[in-house]
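What follows is a single structure, written as structure tokens, with notes after it.
The values are calculated or read from the model by the stated rules, or taken from the named source; none is laboratory data. Please read these numbers as outputs of a predicted model, since none were measured by experiment. For neighbour counting, all protein chains shown are included, and Cβ atoms are generated from backbone atoms with ideal geometry for every residue, glycine included.
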Amino acid sequence: MKILAIETSSTACSVALLVDDKISCIHRILPLKQAQFILPMIHELLEMNNISLKQLNAIAFGCGPGSFTGVRIATSVTQGLAYALKLPVIPISSLAALAQSAYRDLGWKKLLVGVDARIQEVYWGAYEVSDKGLVTLLHQEKVCAPQDVTLPEDKEWYGVGNAWEIYADQIVYSPLKLDTRRLPTAEGVLELAKIKYLNKEWVEAKEALPVYLRDCVAKKN
């Protein structure tokens, strides 16, 4: 099994490659430069693993929500490669990838993910870790005002994402711990995509679409 993953929904440019059970990743902070570096980084990662694009079985990508430009970059690169190579595509929530990364590195199993959506709004999702070590979404992801986020009744949750810092005075909840600096990674995308590939939960290139959550992207007054 050989799957390439792409994640550019934040200030990071992140690519990862699964070859059988081995995952390798290149993750760099490149605000506003993802379009310039994403293809060279993919080439670098493939060379590191002595793999060609033609050997891939699928492509996974962080489909958002996140930076509108960043999400479009990951989507367009994924669509282009998938069309050319006739490969299936596995869209993965960027919020879920962020939660998966926090679980992998910190061991947190109940995660409230909040990412700044600009214009005084937050991208929000609650995740719990399954017995298989993968995050699963509770309810649904949404975009809303910080004071309108859906909070659990119990206090056994951890907070992940920059919204916890930016809107600290508006999100009225005290998680066990916070990680406000963490960004979504292609490695997190890949961990979630692997099981979807095994279950044949993929789409065609033309169905690989960005997820914005916000219906109107025009600037509000």
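For the condition more than 26 Å from Arg28 (Cα to Cα), assigned to a loop (DSSP other than H, G, I, E, B), over 16 Å from the mean Cα position of the chain (by Cα) and touching a residue at least 60 places away in the same chain (Cβ under 8 Å), Glu201 qualifies. Just to be sure before I move on: is Asp179 loosely packed, with under 12 Cβ neighbours inside 10 Å and not basic (Lys, Arg) in the structure I sent? Answer is no for this residue.
So for segment 126-142 (the condition being modelled with pLDDT of 95 or more, within 16 Å of Pro65 (Cβ to Cβ) and charged (D, E, K, R)), does at least one residue qualify? Yes - at least one qualifying residue is present in segment 126-142. Of the residues that make up segment 146-163, is at least one outside any loop (DSSP other than H, G, I, E, B), crowded, with 18+ Cβ neighbours inside 10 Å and of a type in the set (Asp, Glu)? The answer is no; no qualifying residue exists.
Does at least one position in segment 53-72 carry a residue that is in contact with a Gly (Cβ under 6 Å, 6 or more places away or on another chain), more than 13 Å from Val189 (Cα to Cα) and modelled with pLDDT of 95 or more? So far as segment 53-72 goes, yes, one or more of its residues are in contact with a Gly (Cβ under 6 Å, 6 or more places away or on another chain), more than 13 Å from Val189 (Cα to Cα) and modelled with pLDDT of 95 or more.
Taken over segment 123-170, the residue count meeting the criterion of being aliphatic (A, V, I, L, M) and touching a Gly at 6+ places or on another chain (Cβ under 7 Å) is 3. Each residue in segment 1-21 was checked for being over 30 Å from Ala117 (Cα atoms) and in contact (Cβ under 8 Å) with a residue 12 or more places away in the chain, and 5 pass. Against the definition (out of contact with any Gly (no Cβ under 8 Å at 6 or more places or on another chain), buried (at least 16 other Cβ atoms within 10 Å of the Cβ) and either assigned by TED's automatic domain parsing to the domain that holds Leu85 or modelled with pLDDT under 95 (or both)), how does Lys194 come out, yes or no? Here the answer is yes, as Lys194 does meet what is asked. Checking each residue in segment 82-96 for being more than 14 Å from the chain's Cα centre (by Cα) and either closer than 18 Å to Gly64 by Cβ or basic (Lys, Arg) (or both) picks out Ala82, Lys86, Val89.
In segment 35-59, the residues that are within 21 Å of Leu198 (Cβ to Cβ) reach residues that are hydroxyl-bearing (Ser, Thr, Tyr) and in a helix (DSSP H, G or I) with C-beta atoms within less than 6 angstrom, at least six apart or across chains, in these pairs: Ala58/Tyr197; Ile59/Thr78. Scanning segment 82-134 for residues that are outside any helix (DSSP H, G or I) and either aromatic (Phe, Trp, Tyr) or closer than 13 Å to Trp157 by Cβ (or both) yields a count of 14.
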